[in-house]
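Enquirer: Okay, handing you the structure first.
The values are calculated or read from the model by the stated rules, or taken from the named source; none is laboratory data. All values derive from a computational prediction rather than experimental measurement. Reconstructed Cβ throughout: ideal geometry from the backbone, glycine too, with neighbour counts over all protein chains shown. What goes into the accessible areas is simple: the full protein's heavy atoms, side chains included, and nothing from ligands, DNA or RNA. Shrake-Rupley method; radii C 1.70, N 1.55, O 1.52, S 1.80 Å.
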Amino acid sequence: MMSNETDGQHKSIENLVASQEKRTDELMKELEQLKNGTYQFNHTELNCEDIDKMTKEREKLLYQRNQLEKSLKEEIMEYQSNKYLTNVCSDLVTIFSMAISKALPEISSQQAHVTLNMNDKFGDYQCNSAMGISGILKKSGIKMAPKDIAQKIVENLPENHLVKSVDIAGPGFINIRLKEEFIRKSVGDILLNGPKPRPLVVKKRLVIDYSSPNVAKEMHVGHLRSTIIGDSISRLFEYLGYDILRVNHIGDWGTQFGMLIAHLNDKFPNFRREAPPIGDLQAFYKESKKRFDSDEEFKKRAYQCVVKLQSKEPDFIKAWNLICDVSRHEFQKIYDRLQIKGLIERGESFYQDMMVDVVQELTEKGLLIVEDGRTLMFVPGAQAPLTVVKSDGGFTYDTSDLATIKQRIFDEKGDVLIYVADSGQSSHFEAIYGAAKLTGWYDPKKQTVKHIGFGVVLGEDRKKFKTRSGDTVRLADLLDEGLKRSREKLIQKERHLVLTEQELKAAEEAVAYGCIKYADLCHSYVNDYVFSFDKMLEDRGNTAAYLLYAYTRIRSIRRNADVKLGSIKQAVTEKGGVEMDHPKELKLAKVICRFAEVLYRVTEELTPHTLCDYLYELATTFTEFYDVCYCIEKDRNTGAITKVNLHRLALCETTAEIMNQCFCILGITPVDKM
């Protein structure tokens, strides 16, 4: 598999070489004409120094191109001893791009367009470049039918490890069939080495911001999507080798803390010496909010507390820390249940001291304007200006987020910054990114900045998900209800009769939390989705329940055959891959071989639902295989095992390995017994 960086470098150099070759040839021809007296002065004045310079540059570029082509050939042939996953689609793009470059040097920089063939009777993949190339040539005054272009591409295909055969269909579609040798060996490599992605050419750092609850408030269903989506994206990039910083940008600063501290001081005046019993922070918050809204004297004291907190007076910092610690403890309970790991807390308070420097820098660069007492920053294309300083001299969320993006770029050295927050904040983040670009902090050529904006969770009535009383659903209550329904489902299937209590508890948690996560991740996050325990616990269709049961059944096949994994690996090693005779074996193997390209597509598009679709396809394709390809044969009378097909067991084990890796990326914990 060729890295994106190497691939891009190759295309860039190909383009430069083609350009230099063309211009150098023109100048050399003119120089020859000048020598023999036939030169027509219809060009710019000839400069021999320029010719010499361009010739040397051409030689340099040709050398670089040759080195890249050599490297490419080494990568393509490396499959013979490959310990890493092969991105089939990416390699096909490289192979067909080289063919285009040789067949049509005038457009040597044109990258091939290769997609999965939707109808496998026509082939495994399809190259659809001929039609586009025909249009490009037409603009240059060259008329060539797409079918003729496709033929030239096919004739110039380099020797490779992937393509068994091609045929041209319709106006110029090139249908591609893969070599069975490649497929059987690739599946064997995954079984022997595990599904390992190729190491990154250059290590990159991802800073991802997700979950972000508010201190003194319980996590509710509104925090579910950010937490689950952010965790899955983090797991994917970590699996691919990125250096990850998971940031929990909690709301731990602002006016509400003056209100909470004033209420704490009134209700528990000895909080400095004795920890107050404020375990139920939600109730405590509601009490203080009620006083803040109805008692002017209390409101005045609350504002005074804010000033003292911002001045970092010790007693007020202590009160603030007490409140934050209680919240932190409650948040962690939820994270532990959902197996959310690695989140580093970086609340709004973390950036307070940085905001003064940010305002000073923006002022010095002449990017701020004062209007009606407020200090504003107008960002081109933004719907509204950013309020950097309020009329009372205080900072805002805008100021905090400007300090945040600067810190993540310069201090954290983030190459990729991702913010996972609801779609309602899209315009805000666009303004922040625009401001960072305007200031010179964010360079799109050096960093990638992305907002993953998601829709809301709806109830089965398709209205915003709330309790019957109209309150926001507490996340802890939602998880409890999931556990209860999961156990009921397992008992209906009589799993309690064959599982120990410990195994039943593990299955109950796997199904409950897995279903809640998968129901979110299997939809495009840009859309709202309907939360329904009944649907997500169905053991048919594209649900976590179905996939977890399927995984458990697959894992049980080898146990039932009483065959050690080492015996299966030995059989695969001896044959140099997994032997396949039946069409359903080959179909399953091809789906397994697509794992790498699906991963990189999810990485580029940041779409976990694409991985969910693949996981479901893998499970259903396995069912097709298992229904007609017997892995174990038994005596009809005694039930004793008479024959075991080790290579079919290898397909079972490899399928389970890929499913397990998908579950890991999605943050779902499968169990072998269910």
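Enquirer: Given the C-alpha atoms of the stretch 154-249, compute the convex hull and give its volume per residue in Å³. Can you show the working numbers first?
Expert: Numbers: hull volume 20.0 nm³, N = 96.
Taking only Cα atoms, the stretch 154-249 has a hull volume of 208 Å³ per residue.
Enquirer: Quick check on packing: order 440-446, 155-161 by the mean number of other C-beta atoms within 10 Å, highest mean leading.
Expert: Working: 440-446: 11.6, 155-161: 15.1.
In descending order of packing, they fall as 155-161, 440-446.
Enquirer: Compute the signed sum of charges (Lys and Arg +1, Asp and Glu -1) over the other residues within less than 13 Å, Cβ to Cβ, of Asp372.
Expert: Working: positive: Arg374, Lys390; negative: Glu371, Asp392.
Result for the neighbourhood of Asp372: 0.
Enquirer: Further question on the same structure: Compute the relative contact order of the stretch 206-335 as a whole-number percentage, counting only Cα pairs closer than 8 Å that sit 6 or more residues apart in sequence. Don't jump to the answer; show the numbers that get you there.
Expert: Values: 142 pairs, mean separation 41.8, N = 130.
The value is 32 percent.
Enquirer: Follow-up. Would you tell me the accessible area of Val370, worked out with a 1.4 angstrom probe on the heavy atoms of the protein chains, in Å² to the nearest 10?
Expert: 110 Å²
Enquirer: Separation between the Leu192 and Ile317 pseudo-spin-labels, each 7 Å from Cα along Cα→Cβ, expressed in nm?
Expert: Rounded to a tenth, the inter-label distance reads 6.1 nm.
Enquirer: Hey, what's the stretch 315-457 come to in accessible area per residue, 1.4 Å probe, Å²? If you can, show how the numbers build up before the last one.
Expert: Details: 6840 Å² over 143 residues.
Accessible area per residue, the stretch 315-457: 48 Å².
Enquirer: Please give the FRET efficiency for Arg474 paired with Gln425, using the beta carbon to beta carbon distance and R0 = 30 Å, rounded to the nearest 0.05.
Expert: 0.85
Enquirer: I've got another one for you. If each residue of separation counts as 0.36 nm, what is the full-extension length gain between Ile136 and Ser294 once their alpha-carbon separation is subtracted?
Expert: On the way: separation 158, 0.36 × 158 = 56.88 nm, distance 7.08 nm.
Extra length from Ile136 to Ser294 when fully extended: 49.8 nm.
Enquirer: Quick one: how many Å² of Tyr285 are accessible to a 1.4 Å probe, rounded to 10?
Expert: Tyr285 has an accessible surface of roughly 40 Å² with all protein chains in place.
Enquirer: Residues with beta-carbon under 10 Å from that of Leu565, excluding Leu565: net charge, scoring Lys, Arg +1 and Asp, Glu -1? The partial results should precede the final answer.
Expert: On the way: positive: Arg558, Lys564, Lys569; negative: Glu653.
Spelling it out: positives minus negatives among the neighbours equals +2.
Enquirer: List every residue whose amide H lies under 5 Å from the amide H of Val379, counting only residues 5 or more places away in sequence or on a different chain, with H placed 1.01 Å from N in the peptide plane.
Expert: Answer set, sorted by chain and number: Leu386.
Enquirer: Over the stretch 458-531, with the other protein chains present, what is the accessible area per residue in square angstrom, probe 1.4 angstrom? Walk me through the intermediate numbers first.
Expert: On the way: 4130 Å² over 74 residues.
Using a 1.4 Å probe on heavy atoms only, each residue of the stretch 458-531 averages 56 Å².
Enquirer: Still on this model: So for the chain, averaging the separation of alpha carbon pairs under 8 Å that are six or more residues apart and normalising by length, what relative contact order in percent results? Intermediate results must be reported in sequence, preceding the final value.
Expert: Details: 980 pairs, mean separation 89.8, N = 674.
Relative contact order of the chain: 13 percent.
Enquirer: Shifting gears a bit: May I ask you to derive the FRET efficiency for Asp280 and Glu633 from their Cβ-Cβ distance with R0 = 51 Å, giving the value to the nearest 0.05? Don't skip to the end; give the middle numbers.
Expert: Details: r = 62 Å, r/R0 = 1.21.
Efficiency for this residue pair is about 0.25.
Enquirer: Right, here's the next one. If the reach is capped at under 24 angstrom between alpha carbons, list the lysines near Lys450, excluding any in the same chain fewer than eight residues apart.
Expert: Lys450 reaches Lys203, Lys204, Lys341, Lys406, Lys413, Lys437, Lys517.
Enquirer: Among [x] 98, 93, 41; [y] 107, 91, 49; [z] 114, 70, 43, only one was calculated for this model; which label is it, if the read-out is Cα extents along the principal axes in Å?
Expert: Read-out taken from this structure: [x].
Enquirer: Ordering Ser327, Ser423, Ser294 by how much accessible area each has at a 1.4 Å probe, largest first, what is the list?
Expert: Heavy-atom accessible area, descending, gives Ser294, Ser423, Ser327.
Enquirer: Roll a 1.4 Å probe over the protein chains and send me the accessible area per residue for the stretch 108-174 in Å².
Expert: That works out to 53 Å² per residue.
Enquirer: Mind listing the long-range amide H neighbours of His451? Cut-off is under 5 Å, sequence gap 5 or more, other chains count too, H placed in the peptide plane at 1.01 Å from N.
Expert: HN-HN under 5 Å from His451: Tyr419.
Enquirer: Taking all protein chains in place and a 1.4 Å probe, what share, in percent, of the accessible surface of the chain do carbon and sulfur account for?
Expert: Working: 15940 of 33010 Å².
For the chain, the apolar C and S fraction of the accessible surface comes to 48 percent.
Enquirer: Relative contact order of the stretch 242-313: what whole-number percent is it, with Cα pairs under 8 angstrom and at least 6 residues apart? Write out the running numbers ahead of the final one.
Expert: On the way: 42 pairs, mean separation 33.1, N = 72.
Once divided by the residue count of the stretch 242-313, the mean separation gives 46 percent.
Enquirer: Can you list residues whose amide H is under 5 Å from Asn117's amide H, if they're 5+ apart or on another chain and H is modeled 1.01 Å from N?
Expert: It is Tyr125, Gln126, by chain and number.
Enquirer: Could you work out how far the C-alpha centroid of the stretch 402-448 sits from that of the stretch 603-674, in angstrom?
Expert: Spelled out, the Cα-based centre of one part sits 41 Å from the other.
Enquirer: May I pose another question? For Leu206, what is the net charge nearby, where nearby means another residue's Cβ is under 12 Å from its Cβ and Lys, Arg count +1, Asp, Glu -1? Walk me through the numbers before you get to the answer.
Expert: Details: positive: Lys203, Lys204, Arg205, Arg235, Arg246, Arg408, Lys413, Lys450; negative: Asp209, Glu238, Asp243, Glu412, Asp415.
That works out to +3.
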